Amino acid sequence: MSAPLLITPLKDICVKVVAANFEGCPTFGPLPDKYVKRIIDILPLDLPLELVGTLISDEDYWRRRSQARWKNCEVAAHGYSWKQLFFERNLQEFLEQYDPAVTDLSSLKRLLTYSRRFVQTVHIRQLPSHLDLQILFDCMVNTPSSLAISYNLKEVGMDYDRSLFGMKLSDCRSLAKALEHSETLTYLDLSNNSLDDDKAGTPGWGGSVRMLASGLVENLSITHLNLSHNKIADRGVRALAKLLDGHSVISLLELHDNQIHTEGAKSLARAFKNNRCLLSVNLRLNRMGDEGCKAVVESVRTAPTLERLNISANAAGPGTAAAVVALLRLNNTVTELDLSCNHYGEEPCSAVRRALEQNASVRLLDMRMTGINPDDELAITENLRARQERVDKAKVLGK
């Protein structure tokens with residue numbers, strides 16, 4: 001006797017038919033959620049974004065689609081949303097490969113306009129087209145909230161050309177114009193773009209940094225500004241210092257690994273004194289010297305909001321250490337200080353250790369490679385460890 005013939009349930013057939021014809025008839029109608037889920041689970045992964053972007057919010061679909069396209073997918077970097085990851089990575093890839101001689105500008109504008117509903121962060125590792133960034137802001141309207149651009153070129157091999165790297169003055173001009181009217185951008189990262197003070201610019205501004213500053217001065221949305229790993233020197237820093245006036249909303253400022261000398265440090269110090277928004281400043285790996293570092297630390301002493309300061313590897317000396325002693329005795333706002341890789345000498349470092357014992361706010365103090373006595377370094381480490389243990393205990397007890 002032959003086995004009974006198994007007939008596929010009509011419901012299963014309908015699910016497969018709807019999935020197979022979804023591109024031509026993109027609707028779920030009044031289907032119950034459990035059948036909608038079954039249809040989404042077998043949908044093709046190459047459906048047009050304009051079709052599925054609005055209709056499908058199921059995270060499993062976007063996870064499968066993302067993992068099928070890219071090997072490494074860090075969803076944590078995209079708001080823990082697979083859908084956001086896909087749209088942001090897709091836009092990033094399109095911009096990095098965009099060639100105006102091959103791809104029509106209208107295609108780019110269409111993608112930017114559609115993606116704006118799902119994109120919060122735009123991270124571009126290379127932009128060989130040197131696209132006018134005003135187009136990006138015009139098409140995306142109230143997004144993105146985070147923008148990171150590096151004007152580099154990947155995998156050039158033997159075709160390396162130094163002129164292909166870094167922001168041109170035209171790039172700075174277009175970005176400055178766009179920043180004047182941006183109301184939603186809160187994080188701007190222009191690190192590693194060869195920004196300097198020397199490129200010829202418009203009258204009254206001069207270099208590329210000052211060109212950018214002309215746009216930033218009108219911006220009231222950016223709270224985190226990263227200009228690290230560039231070639232910004234004293235003239236550029238003076239322009240940036242003007243941004244830190246009473247109207248500034250910048251709370252995190254990263255200027256590490258630039259070419260800031262004593263005069264540039266003094267310009268920043270004058271700005272810090274009257275600033276009521278800065279929370280964190282990173283100035284490591286510059287050339288401020290003892291006089292410049294001392295001026296910065298003295299300004300922080302009266303700064304009402306600054307909590308974190310990094311002046312490591314700046315050729316600071318005993319004068320800076322004396323200013324740190326005064327800071328620790330008079331300021332209860334600063335919680336983190338990185339003073340490492342400078343040379344203060346044993347006695348100034350001992351004075352810093354004694355001042356730390358009178359301070360109740362500092363949670364991190366890095367004094368490595370400063371000429372500090374090993375006993376003093378150990379005492380600082382144990383002091384900070386005991387403080388952290390008290391903080392952790394208070395959290396456990398709910399105090």
- Message: Restricting to the range 286-324, name every residue that is without any contact (Cβ under 8 Å) to a residue 40 or more places away in the chain, open to solvent by less than 50 Å² (accessible area, probe 1.4 Å) and assigned to a strand (DSSP E or B).
- Response: LEU309
- Item | Pick from the range 134-166, criterion modelled with pLDDT of 90 or more and of a type in the set (Val, Ile, Thr), ranking: most open to solvent (accessible area, probe 1.4 Å) | ILE135
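Right, ILE372: in contact with a Cys (Cβ under 6 Å, 6 or more places away or on another chain), over 30 Å from VAL249 (Cα atoms) and outside any strand (DSSP E or B) or not?
Details: in contact with a Cys (Cβ under 6 Å, 6 or more places away or on another chain): yes; over 30 Å from VAL249 (Cα atoms): yes; outside any strand (DSSP E or B): yes.
So ILE372 passes the test.
Applying the selection to the range 325-345, what residues are over 17 Å from VAL362 (Cβ atoms) and crowded, with 19+ Cβ neighbours inside 10 Å?
Quick first cut of the range 325-345, residues over 17 Å from VAL362 (Cβ atoms) only: 341-343, 345.
Within the range 325-345, ASN342 is the sole residue that qualifies.
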- Query: Among THR262, THR223, which is open to solvent by 10 Å² or more (accessible area, probe 1.4 Å) and under 24 Å from THR143 (Cβ atoms)?
  - Reply: THR223
- Query: In the range 143-169, how many residues are closer than 11 Å to HIS130 by Cα and among the polar types (S, T, N, Q)?
  - Reply: 2
- Note on the structure: Output for Cβ contacts, cut-off 7 Å, separation at least six or different chains, first residue in contact (Cβ under 8 Å) with a residue 24 or more places away in the chain in the range 377-399, second open to solvent by less than 70 Å² (accessible area, probe 1.4 Å) and part of a helix (DSSP H, G or I), reads ALA379/ARG353; ILE380/ARG353; ILE380/LEU356; ASN383/LEU356
- In the range 124-159, what count of residues is obtained for those that are within 17 Å of the chain's Cα centre (by Cα), among the β-branched types (Val, Ile, Thr) and within 18 Å of ASP171 (Cα to Cα)? 2
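The values are calculated or read from the model by the stated rules, or taken from the named source; none is laboratory data. Computed from a prediction, not measured in an experiment: that's the story for all the values here. As a convention, Cβ positions derive from the backbone with ideal geometry for all residues, glycine included, and neighbour counts pool all protein chains shown. We work out accessible area using only protein heavy atoms, side chains counted, and drop any ligands, DNA or RNA first. Shrake-Rupley method; radii C 1.70, N 1.55, O 1.52, S 1.80 Å.
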